[in-house]
Amino acid sequence: MKVNQAYQKVLTSNKRYNVLKGGAGSGKSYSIAQIEIIKAFQNPEVTLWIRKVASTLRNSVFSLINHVLVEEGFRKGIDYTVFKNDMSFQFSNGSRFILTGVDDVEKLKSIAGITRIVIEEATELEDSDFNQIDLRLRGINLINPQITLLFNPISANHWLCSRFDTNFNPDTTLFVNTNYKDNAFLDEQYKATLENLINIDENLYRVYVLNEWGIEDPDKLFA
């Protein structure tokens, strides 16, 4: 499985938090799906995949994991099983992927044996949401418990900026900055579309191309 070079450090990370701040087209979601699948086959894992709202998972995270498994040649029904109703995956070695939203608090609290957590679109969450998620990952027998957060840097005023970037702690956190240039599998047309953002909106260009924290403007998108 070929993982983009920029994300190889996530594959070998032993930090509790893997924080991926990436621009559009940076390949972070696909790469993390690859990495979590690799880890699921290395050791029995119970990986919790989270977005703020559960109903957004089916057309984003669930579809992505399905796509990556097929693209990478894993055999449905042999290497893994998909349960569409509850959006979960069971792997041949006993590993599981469970998808849930923070809006379904009771389900989140009831899931036992979590060993890894992935948070997609982490900017959707409040810091209080993250605190509750962080408390779910515990256990003295866990091999390498990790929480991976993926997001676009939409605002310098967001709690993610102050918690993981401004107050970066190298003892607990791997912080990865990427943009589209770090994605070896991106098509030229999309690259041109991204670069053209400079002619449309400087703040969009700043966030989605340069991968820099957005500057809030009350008259524009990131207010």
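Overview of values
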{"read-out": "Per-region count, the range 21-48, residues of a type in the set (Asp, Glu) and either free of Cβ contacts under 8 Å to residues at least 40 places away in the same chain or part of a helix (DSSP H, G or I) (or both)", "value": "1"}
{"read-out": "Conditions (1) open to solvent by 10 Å² or more (accessible area, probe 1.4 Å); (2) touching a residue at least 24 places away in the same chain (Cβ under 8 Å); (3) farther than 26 Å from VAL207 by Cα; (4) over 15 Å from the mean Cα position of the chain (by Cα); number of the one not met by ASN66", "value": "(2)"}
{"read-out": "Test: residue in the range 55-69 that is aliphatic (A, V, I, L, M), touching a helix residue (DSSP H, G or I) at 6+ places or on another chain (Cβ under 8 Å) and assigned to a loop (DSSP other than H, G, I, E, B)", "value": "no"}
{"read-out": "Where a residue in the range 155-173 is aromatic (Phe, Trp, Tyr) and its partner, wherever it lies, is part of a loop (DSSP other than H, G, I, E, B) and loosely packed, with under 12 Cβ neighbours inside 10 Å, with Cβ under 9 Å and at least six apart", "value": "TRP159/GLU126"}
{"read-out": "Sole exception among (1) more than 25 Å from LEU142 (Cβ to Cβ); (2) in contact (Cβ under 8 Å) with a residue 12 or more places away in the chain for GLY94, by number", "value": "(1)"}
{"read-out": "Residue in the range 89-139 that is farthest from LEU150 (Cα to Cα), counting only those that are part of a strand (DSSP E or B) and in contact with a Pro (Cβ under 9 Å, 6 or more places away or on another chain)", "value": "PHE91"}
{"read-out": "Within the range 84-105, tally of residues that are out of contact with any strand residue (DSSP E or B) (no Cβ under 8 Å at 6 or more places or on another chain), closer than 19 Å to ASP129 by Cβ and either open to solvent by less than 10 Å² (accessible area, probe 1.4 Å) or modelled with pLDDT of 90 or more (or both)", "value": "0"}
{"read-out": "Residue identified as under 14 Å from THR148 (Cβ atoms) and more than 15 Å from the chain's Cα centre (by Cα) among GLU45, GLU36", "value": "GLU45"}
{"read-out": "Complete set of residues in the range 121-147 that are in contact (Cβ under 8 Å) with a residue 40 or more places away in the chain and farther than 19 Å from LYS15 by Cβ", "value": "GLU121, GLU124, LEU125, ASP129"}
{"read-out": "Residue count for the range 7-44, restricted to those that are buried (at least 18 other Cβ atoms within 10 Å of the Cβ) and at pLDDT below 95", "value": "0"}
{"read-out": "Selection status of LEU142, open to solvent by 10 Å² or more (accessible area, probe 1.4 Å), of a type in the set (A, V, I, L, M) and part of a loop (DSSP other than H, G, I, E, B)", "value": "yes"}
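This table checks each residue for (1) at pLDDT 95 or above; (2) assigned to a helix (DSSP H, G or I); (3) open to solvent by 50 Å² or more (accessible area, probe 1.4 Å); (4) touching a Gly at 6+ places or on another chain (Cβ under 9 Å).
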| residue | (1), (2), (3), (4) |
| --- | --- |
| VAL176 | yes, no, no, yes |
| LYS191 | yes, yes, yes, yes |
| TYR205 | yes, yes, no, no |
| TRP213 | yes, no, no, no |
| PRO218 | no, no, yes, no |
| LEU221 | no, no, yes, yes |
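The values are calculated or read from the model by the stated rules, or taken from the named source; none is laboratory data. Just so you know, these numbers come straight off a predicted model, no measurement behind them. Because the Cβ atoms are built from the backbone with ideal geometry, glycine has one as well, and the counts that use them run over all protein chains shown. Note: areas computed on protein heavy atoms with side chains; ligands, DNA, RNA excluded. Shrake-Rupley method; radii C 1.70, N 1.55, O 1.52, S 1.80 Å.
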